[in-house]
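Worksheet for the structure shown next.
The values are calculated or read from the model by the stated rules, or taken from the named source; none is laboratory data. All values reported here derive from a predicted model rather than from experimental measurement. Here the Cβ positions follow ideal geometry from the backbone for every residue, glycine too, while neighbour counts run over all protein chains shown.
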Ligand code: ADE
Ligand code: ZN
């Protein structure tokens, strides 16, 4: 098992179904409809997935719940050999974008992450994420939460949710606010939207990384531009295949994007929803494209170089990678 760097992981989306069921039982919340007969999450398509995701998240109601979630997620990361991860955290789900409440949720997440790292577990950083289909107004409140809590844990700002619900330019104020606060920027694009969605995220939001970005493959001029500009893609192949963006692993464009010089990295997105782990992603890439240890070492290095962390952390993680 190789060491791994993961840049694209939604904290709520990484909640194991058994963990969510346990919290639902404790709080007498009936969300039985979101599970299949085998106890996994059940959804029909991406838009239904977003609904199921929000229903699962409804059982997370306190900072203590998020502390437990953070520990459970980091245990899964560690089991896959992840030594450094960045997770999307959303003030929408953590106190309804109230700054005082957000600080309490964040404190619980950060303290748990600190304790896990102190015991030799993965290091974690947080990317505050607004939700596109919640609209630009709520995104502004989210950006203010992010700007007020920038620090050694919150290092980035991003946008997730339904890519078709609004345009990147609608969120310009939020991204400007986050940038001015010193946050590094990423945006989901080129998953459900085509190449133009990626161009718009780059031009209107000024992001340095793109979440997914895989549909750039439909426009080779854009692929060349991404390669030339060194834009990093947070590629989540298992997610794309589970949600039907691509039919199977061999049809996934990650190998072709890499071959054409685009900086690709590998992540799981919402691993239990897609029946995946970082270990499985690496195994499937090995099977589909013959990626070997040298290739995975290159991918790790790209991810570490693009990580939203300080130089000390990068140096520490680089030593761990080199030790293997
Ligand atoms: N939120 C959680 N997972 C997501 C995905 N794959 N795309 C957009 N928003 C998301
Ligand atoms: Zn995502």
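Brief remarks on what is shown
- Qualifying positions in region 4-58 - without any contact (Cβ under 8 Å) to a residue 24 or more places away in the chain and assigned to a loop (DSSP other than H, G, I, E, B): 28, 30, 36, 37, 38, 39, 42, 44
- Verdict on residue 63 being touching a residue at least 24 places away in the same chain (Cβ under 8 Å), over 19 Å from residue 272 (Cβ atoms) and out of contact with any strand residue (DSSP E or B) (no Cβ under 8 Å at 6 or more places or on another chain): yes
- Test: residue in region 237-247 that is surrounded by fewer than 21 Cβ atoms within 10 Å (Cβ to Cβ) and more than 16 Å from ligand 2 (Cβ to nearest atom): yes
- Any hit, region 74-92, residues being closer than 23 Å to residue 132 by Cβ and away from ligand 2 (no atom under 16 Å from the Cβ): yes
- One residue alone among 163, 141 is buried (at least 18 other Cβ atoms within 10 Å of the Cβ) and modelled with pLDDT under 95, and that residue is 163.
- Looking across region 98-112, the residues that are under 30 Å from residue 137 (Cβ atoms) and either in a helix (DSSP H, G or I) or touching a strand residue (DSSP E or B) at 6+ places or on another chain (Cβ under 9 Å) (or both) come down to 99, 100, 101, 102, 103, 104, 105, 106, 107, 108, 109, 110.
- Any hit, region 14-22, residues being closer than 26 Å to residue 209 by Cα, crowded, with 18+ Cβ neighbours inside 10 Å and at pLDDT 95 or above: yes
- Residue in region 219-231 that is modelled with pLDDT of 95 or more, within 16 Å of ligand 2 (Cβ to nearest atom) and within 30 Å of residue 275 (Cα to Cα) present: no
- Tally, over region 59-71, of residues that are more than 16 Å from the chain's Cα centre (by Cα) and either crowded, with 18+ Cβ neighbours inside 10 Å or part of a helix (DSSP H, G or I) (or both): 9
- Qualifying residue in region 162-183 (condition: in contact with a strand residue (DSSP E or B) (Cβ under 9 Å, 6 or more places away or on another chain), under 22 Å from residue 60 (Cα atoms) and either within 14 Å of ligand 1 (Cβ to nearest atom) or in contact (Cβ under 8 Å) with a residue 24 or more places away in the chain (or both)): yes
- Check on residue 188, modelled with pLDDT of 95 or more, more than 15 Å from residue 88 (Cα to Cα) and within 16 Å of ligand 2 (Cβ to nearest atom): no
- Residue 156 vs. criteria within 15 Å of ligand 1 (Cβ to nearest atom), crowded, with 16+ Cβ neighbours inside 10 Å, at pLDDT 95 or above and under 18 Å from residue 88 (Cβ atoms): no
- Residue-level analysis places residue 181 outside the set of residues that are surrounded by fewer than 19 Cβ atoms within 10 Å (Cβ to Cβ) and modelled with pLDDT under 95.
- Where residue 173 falls short, out of the listed (1) more than 16 Å from ligand 2 (Cβ to nearest atom); (2) surrounded by 16 or more Cβ atoms within 10 Å (Cβ to Cβ): (2)
- In region 191-210, the residues that are more than 16 Å from ligand 2 (Cβ to nearest atom) and farther than 22 Å from residue 252 by Cα: 200, 202, 203, 204, 206, 208
- Cross-chain or 6+ apart pairs with Cβ under 6 Å, region 258-277 first and on the phi > 0 side of the Ramachandran plot, then away from ligand 1 (no atom under 14 Å from the Cβ): 261/227
- The set of residues from region 191-209 being crowded, with 22+ Cβ neighbours inside 10 Å and over 18 Å from residue 156 (Cα atoms) comprises 191, 197, 198.
- Flag if residue 212 is buried (at least 24 other Cβ atoms within 10 Å of the Cβ), at positive phi and within 12 Å of ligand 1 (Cβ to nearest atom): yes
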